[in-house]
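The values are calculated or read from the model by the stated rules, or taken from the named source; none is laboratory data. Computed from a predicted model, the values in this text were never measured in an experiment. Cβ coordinates were reconstructed from backbone atoms using ideal geometry, including for glycine residues, and neighbour counts include every protein chain displayed. Ligands, DNA and RNA are excluded from the accessible area calculation, which covers all protein heavy atoms including side chains. Shrake-Rupley method; radii C 1.70, N 1.55, O 1.52, S 1.80 Å.
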Amino acid sequence: MGGGHGHSHDAPQVGTPRGTRLALAVTVAVIALVTVVGMWVLRPTGEGRPEVRASSASGVTYLEGEVVSVTPLDCAAFGTDPSTTTGAAPAGAECGRASVRITDGAEQGESVQVDIPPDAVREGVGAPLVLLKIPGQVAGSPYTYYDMQRGQPLLLLSIAFALVVVLVARWRGLRSLVGLAVAAAVVVGYLMPALLEGRSPVAVGLVSSAAIMIVVLYLAHGISARTTTALLGTFAGLAATAGIGALAVAQARLTGVSGDENAALQQAAQQIDLRNLLTCGIILAGLGILNDVTITQASAVYELHEAAPDLSPVQLYRQAMRIGRDHIASTVYTVVFAYAGAALPVLLVISLVDQPIGRILTSADISEEIVRTMAGGIGLVLAVPATTALAALVIRSGQGAGQGSGRHAA
């Protein structure tokens, strides 16, 4: 009984002294104030935003429809795959001419004839399609196949994701989903409009990321010294990612105009600095995994202290960094393979090109992804020792206070 009782009162507690709490609160308050002021200065006002169009071409409208019947046709009959504007369909593929019943808009209930690609043919009767109506088309039907409808399966997948998160993580999982919704609102409602109006992409990316992290971390993990420590470590990682990303983009002579989407964006919104937009994307890309690493590392330090309260700050730092190094090693794989999975078609195309590997890796497309991965990875790695050291210092201040209280009580 004496040993157990002694553990309750004699062991140093992880309580954070008032002075340390005040220092942490003031630091976060200053960062939050700078973030709010930055968001106000960079806020979208509606001026200079490119015109929002219903489609890429004037007068073109989108309609939803459902396949009623399909007549198989050899894709060679019309020369190209109807799902694309150029290029032949795959060898042996079977296209089709479908009767499609329109299910929305003023033409709801009407049936139209549309040539559809092999994927839609395989879906058969009942396949949900998206059609383009091109007015004034001289030859043939004004209706053209555009894409498959994917709303329902994506909605079901999202619901399944939310249910799994809530069932496993319970209230904390629910709070994290709310934080995810807040992050999406910031990106869609603030960051994107500000970028389209020509605000500085790096500045907008930094203030948006800071706002997201402040809300998401405290919402998901509660207000505590542990969460604040992770938040400050996250800010350190964000700053490192932004600085290294901007430097790497400049030194690698990247322009941000590498893909068709970027070229189209430059044409539609010439006020956007695509080079700095690339840096903004690097900052945003690292948010989620950076948050994961700093929260895990801060928790590791606190848990180590609770398990071994007699560790000095240096010993605590060293022990926690053993965990941090394992986390860094696994995170490196996560970052690299996440890109490899997303870019697998590009990598396969590259493997078919008879060019030196050095020339391929230094092409604009691949260079952008390498810079994004490496800059984000460096910021991520640097956030681990920063978070660990800060957590050890915060705990040390609490340990000293706990020891002082224990001596006083004795």
Out of all the residues in the stretch 274-301, which are out of contact with any His (no Cβ under 8 Å at 6 or more places or on another chain), hydroxyl-bearing (Ser, Thr, Tyr) and open to solvent by 10 Å² or more (accessible area, probe 1.4 Å)?
Ser299
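Looking at the stretch 61-79, which of its residues are in a loop (DSSP other than H, G, I, E, B) and either open to solvent by 50 Å² or more (accessible area, probe 1.4 Å) or at pLDDT 80 or above (or both)?
Matches in the stretch 61-79: Phe78 only.
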Checklist (1) over 24 Å from Ile283 (Cα atoms); (2) modelled with pLDDT of 85 or more applied to Val384, failing item
(1)
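Rundown of residues vs (1) without any contact (Cβ under 8 Å) to a residue 60 or more places away in the chain; (2) among the aromatic types (Phe, Trp, Tyr), yes/no style:
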| residue | (1), (2) |
| --- | --- |
| Glu197 | no, no |
| Gly205 | no, no |
| Met213 | no, no |
| Tyr218 | yes, yes |
| Thr241 | no, no |
| Leu254 | no, no |
| Ala264 | yes, no |
| Gln267 | yes, no |
Counted residues, the stretch 198-234 - those being among the aromatic types (Phe, Trp, Tyr) and buried (at least 23 other Cβ atoms within 10 Å of the Cβ)
0
In the stretch 204-211, is there at least one residue being more than 21 Å from Ala383 (Cβ to Cβ) and either out of contact with any Phe, Trp or Tyr (no Cβ under 8 Å at 6 or more places or on another chain) or of a type outside the set (Phe, Trp, Tyr) (or both)?
yes
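Here's the yes/no breakdown for (1) in contact with an Asp or Glu (Cβ under 6 Å, 6 or more places away or on another chain); (2) under 27 Å from Arg49 (Cβ atoms); (3) modelled with pLDDT of 90 or more:
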residue: Gly96; (1), (2), (3): no, no, no
residue: Gln137; (1), (2), (3): no, no, no
residue: Ser141; (1), (2), (3): no, no, no
residue: Val168; (1), (2), (3): no, no, yes
residue: Val182; (1), (2), (3): no, yes, yes
Would you pick out the residues in the stretch 302-311 that are open to solvent by less than 70 Å² (accessible area, probe 1.4 Å) and in contact (Cβ under 8 Å) with a residue 24 or more places away in the chain?
Tyr302, His305, Pro309
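Yes or no: Leu348 touching a Pro at 6+ places or on another chain (Cβ under 6 Å) and either of a type in the set (A, V, I, L, M) or within 15 Å of Ile378 (Cα to Cα) (or both)?
No: the conditions fail for Leu348.
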Go through (1) out of contact with any strand residue (DSSP E or B) (no Cβ under 7 Å at 6 or more places or on another chain); (2) without any contact (Cβ under 8 Å) to a residue 24 or more places away in the chain; (3) open to solvent by less than 60 Å² (accessible area, probe 1.4 Å) for Pro142 and report which single condition fails.
(1)
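Which one is nearest to Ala300 (Cα to Cα) among residues in the stretch 327-362 that are among the hydroxyl-bearing types (Ser, Thr, Tyr) and surrounded by 12 or more Cβ atoms within 10 Å (Cβ to Cβ)?
Result: Thr331.
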Checking Ser258 against (1) open to solvent by less than 50 Å² (accessible area, probe 1.4 Å); (2) modelled with pLDDT of 90 or more, which single condition isn't satisfied?
(2)
Report, by residue number, each residue of the stretch 5-58 that is open to solvent by less than 50 Å² (accessible area, probe 1.4 Å) and at pLDDT below 80.
Gly6, Ala11, Pro12, Val14, Gly15, Thr16, Pro17, Pro50, Ser55, Ala57
Since Val130 meets every condition but one in (1) at pLDDT below 90; (2) of a type in the set (A, V, I, L, M); (3) not in a helix (DSSP H, G or I), which condition does it not meet?
(1)
Taking the condition of being in a helix (DSSP H, G or I) and within 22 Å of Ala386 (Cβ to Cβ), how many residues in the stretch 307-321 meet it?
9
